[in-house]
1. Ratio of alpha-carbon Rg to the 2.2 N^0.38 Å globular estimate for the chain, to two decimals, please.
2. Calculate the spin-label point distance for L4 paired with S27, positioning each point 7 Å from the Cα along the beta-carbon direction, and give it in nanometres.
3. Please report, as a whole percent, how much of the solvent-accessible surface of the chain comes from carbon and sulfur atoms (probe radius 1.4 Å).
4. Convex hull over the alpha-carbon atoms of the range 1-60: what's its volume per residue in Å³?
5. Counting only heavy atoms of protein chains, what accessible area per residue, in Å², does the range 1-95 have with a probe of 1.4 Å?
6. Can you tell me the Rg and Dmax of the range 69-109, counting just the alpha carbons, in angstroms?
7. Give me the aspartates and glutamates in straight-line cross-link reach of K7: C-alpha distance below 17 Å, same-chain residues under 8 apart excluded.
8. Could you order R133, R29, R103 by accessible surface area, starting with the largest, using a probe radius of 1.4 Å?
Amino acid sequence: AMTLFGKLKAASQHRPLLRGHAALNASQRAAVQLCSDSDLAFVWGPPGTGKTTTLAHISNELLLQGMRVLILSTTNAALDQVLEKVAADSEMCEAIDAGKIVRIGRSDGPTFGASLSDVVARLNRVHQTAIDRMLRRRPVVALALQQCGKALEALSAAAEPVQESLVGD
């Protein structure tokens, strides 16, 4: 944000692309390279020039490089279109499944498992399975505790306290 508003200078360092991006034209590949090299970049152009496709490739590249990506738009439909392109890539489907891609906000289209509620449910599934298993065992454990309590009562009522002599008879 500080770079965006001119308070800090944008940094740039050449990073080789990890994918070939063969489906893109030269201008689109240059945009992917620019976004890979710089910590601040804008992809801008008239309608129909492939910005959405390019943005999906940029997201893919930066995620493969281990970077965090935040995609914002003035419309939910634009985010849905980018997410659709991202979800079409099998590597990005793995990132969605791992919770590395999260779609926040209202969506009229499919979220491909990237909605916040989907991601939270998927990431908590392991814990929820353990909790469900413990909840199923609760009645069995409660019964065992009840039986142990009865056994302790029976044993304490049956046994009279005896003091052994330490001195002998």
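1. 1.97
2. Simple spin-label model gives 2.5 nm for this pair.
3. Roughly 60 percent of what the probe reaches on the chain is carbon or sulfur.
4. Output value, Cα hull per residue: 91 Å³.
5. Ligands and nucleic acids excluded, the result is 66 Å² per residue.
6. 10.1, 27
7. Hits, sequence-local ones excluded: D39.
8. Ranking R133, R29, R103 by accessible area, largest first, yields R133, R29, R103.
The values are calculated or read from the model by the stated rules, or taken from the named source; none is laboratory data. If you're wondering where the values come from, they're calculated on a predicted model, not measured in any experiment. Neighbour counts are summed over all protein chains in view; Cβ atoms, including those assigned to glycine, are modelled from backbone coordinates with ideal geometry. We work out accessible area using only protein heavy atoms, side chains counted, and drop any ligands, DNA or RNA first. Shrake-Rupley method; radii C 1.70, N 1.55, O 1.52, S 1.80 Å.
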